[in-house]
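See below for the structure under consideration.
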Amino acid sequence: MVPTDRLLAFAAMSFLLIVVPGPSVLFVIGRALAQGRRAALTTVAGNTVGAYVLVLAVAFGVGSIVERSVLVFTTLKLAGAAYLVYLGVKAWRGRGSLRAAFAEDVTAAAAGHGGLRTFWEGFAVGVTNPKTIVFFAAVLPQFVDRGQDHVAAQMLLLGLVFNVIALVSDAVWGLVAATARGWFARSPRRLSLVGGVGGLTMIGLGVTVAVTGRKD
């Protein structure tokens, strides 16, 4: 459906966008440092699904509304920013009890607890990521061959390529951060520090998202 040259060009552009840490990557890193590998990977899964919802929106016409409406874009951006700040404050306030939470993570992993909430938190960040919204709304349609049929299907395929690249990249970031967390976990002070850093990272990210982006 999508010409090979366009598919490869889109994959290359997606890779360049994804490897530069943005809201999703920084959120995954913060979650990995605060809660560990399992939470990081669950967050990545939620992020990926949230990003693909944006692909669906663009493929079926909603993306053009976001692209043309400053109000809609700003609303989505501020919603995502507020949610990041909320999660960051929550992580900061709980940094002192992070050692107990670390032990609970092992039990929760075995029992399968907490994963759904973590997934939906990742989803919320993924579906309100300003960088991804702009990319899908403004860039993705340019790689569609409108001379062929099934334009929506072409967009869905291109979006899938983007999300596979993002899934691998974000998972690597999360695993690396979670591995570093193990070193911090050997000391209560280190663990408290990493919880605070993770929280401050998310707060700072939320503020950055809120003040950047289109102003037209």
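The values are calculated or read from the model by the stated rules, or taken from the named source; none is laboratory data. Everything numeric in this text was worked out from a predicted model, so none of it was measured. Glycine gets a Cβ as well: all are built from the backbone with ideal geometry, and neighbour counts include every protein chain shown. Please note that ligands, DNA and RNA were not included when accessible areas were found on the heavy atoms of the full protein model with its side chains. Shrake-Rupley method; radii C 1.70, N 1.55, O 1.52, S 1.80 Å.
Filtering the range 125-145 down to residues that are small (Gly, Ala, Ser) and surrounded by 20 or more Cβ atoms within 10 Å (Cβ to Cβ), which residue is nearest to the chain's Cα centre (by Cα)?
Looking only at the range 125-145, we keep the residues that are small (Gly, Ala, Ser), and these are 126, 137-138.
Then drop every residue that is not surrounded by 20 or more Cβ atoms within 10 Å (Cβ to Cβ), which leaves 126, 137.
Details: Gly126: 4, Ala137: 17 Å.
Here the answer is Gly126.
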Conditions: (1) at pLDDT 80 or above; (2) open to solvent by less than 70 Å² (accessible area, probe 1.4 Å). Trp173 meets all but one. Number of the miss?
(2)
Residue that is nearest to Phe15 (Cα to Cα), among those in the range 194-216 that are modelled with pLDDT of 70 or more and open to solvent by 80 Å² or more (accessible area, probe 1.4 Å)
Val211
